[in-house]
Amino acid sequence: MSRQASRPTFFARKFEASVSQEIVGQLDSFLFGAYPPGTPALHAYWENVYEQATDGPGAPRDAALSYYHAFARMGLARAAGSLQGDPNDQSCRYASSGHPVAVHLYFLSDQLQGYLVRQQATNLATGQPETLETWVTPKGHFSLATPPGPANRLQDIQVGTDWDPKERLFPAGSRGPANLTATVVWVDPTNVIAATYDLLVEAGAEYTHYRPPLSGPLRPGLWTLRVLHHWSLLGATRFLVLPLEFSGRKPLLQDDALRLHGGPPRNSYMEQSFHGLNPVLRLPVSLGAVEEAEANAALTGAPLRRWADGLLAGRWGAADVCSAGPSSCPVLQRCGHAPWSSLSPDPKARLGPPDAAGHIR
């Protein structure tokens, strides 16, 4: 590095297909010609985030695994509700078998459409195993203050665990005529104010981000993030902290549940307490909500899964389910015919033999 100190330094950037496929599409068309009109999956992109057959024994992490199982149960519930008529008909009812076998992110025209979770399940009518894939889509919960004030430049609020400053995957504002100081408030499911801080949003900034140093464990449930200016609300969003169903990829035991789901020590997420702001922000602490949170923190097994599924139902929905092979459920389409499925044809991803010039398409 010392030898490079006096030389110009350039940093390369990797291509991020989940952000934009345009440059690859342009290069492909330049080298090999454009795809014919009507080519399937031309604007679709699938990113494999978990594959049981190839990922190590520690993948995925417990939090992701808990989400994937809940998504898979959403798919089984949708399949069970797809056949109307005889309530004793078991042909579209399934029992899950083991962990999900594959998970993909699904993008269409560079916009995230949701997760695709593939799982093995046993058909209750035949007792035969089938492979199903579920498409789950997120539901937005961002809201602007009404009526919006003249200083409100806020366009969106997103909460996530992976911020990419190069790609700016969490845009949160538009350009404005002057600097703006925004107050951000994090509120847990029992109305405990976990953190509050001020952010300076410069006039030319299109986005800003900050990660508060919250002490864990975060209490599971619906959290609220508010953005204020001079203590007047600009906008808010709600996001989910899902309870863990697994610890070390094994079903959660009660001792672990109490430790992981009971909230932070002394009910404070930071060294500083913000309890005095509850009256200012009109956030009453509900004894009933606290008691419910304490009871939920001890849940394991089926009651834990019902709690997680109830929380997730308001944030995600099962858009469709398909079968990878023959199915006893007459209303399930084959995944190869479902344009959203990771098992559907994707001509632009196929590799053919090298041509005379050594090119591969």
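Read-outs: derived from the displayed coordinates by stated rules, not from any lab. Quick caveat: nothing in here was measured; it's all calculated off a predicted structure. Because the Cβ atoms are built from the backbone with ideal geometry, glycine has one as well, and the counts that use them run over all protein chains shown.
Phi angles of region 240-257 translate, via the Karplus equation with coefficients 6.51, -1.76, 1.60 and θ = phi - 60°, into HN-Hα couplings of 9, 9, 7, x, 6, 9, 9, 9, x, 6, 10, x, 5, 8, 5, 4, 5, 4 Hz per residue; Gly and Pro are given as x. Once both labels are positioned 7 Å from their Cα atoms along Cα-to-Cβ, the gap between Lys250 and Ala125 label points is 3.9 nm. Under the simplified labelling scheme, the Asp28-Ala64 pair shows an inter-label distance of 2.5 nm, with each label point 7 Å from Cα along Cα→Cβ.
Taking the inverse of the mean 1/r over every pair of distinct Cα atoms in the chain gives a Kirkwood hydrodynamic radius of 23.8 Å. Annotation: the antiparallel percentage among DSSP beta bridges lying fully within region 172-297 is about 100.
Bridge orientation summary for the chain: considering DSSP beta bridges with both residues in this region, about 95 percent are antiparallel. Which residues make up the longest stretch of the chain clear of GluC sites (Glu not before Pro) that lie in a DSSP loop with no more than 15 other Cβ atoms within 10 Å, not counting the sites? The answer is 17-166.
For the chain, the relative contact order is 19 percent, taking Cα pairs closer than 8 Å that sit 6 or more residues apart in sequence and dividing their mean separation by the residue count.
Computed from the C-beta positions of Thr146 and Val280, the FRET efficiency with R₀ = 25 Å rounds to 0.75.
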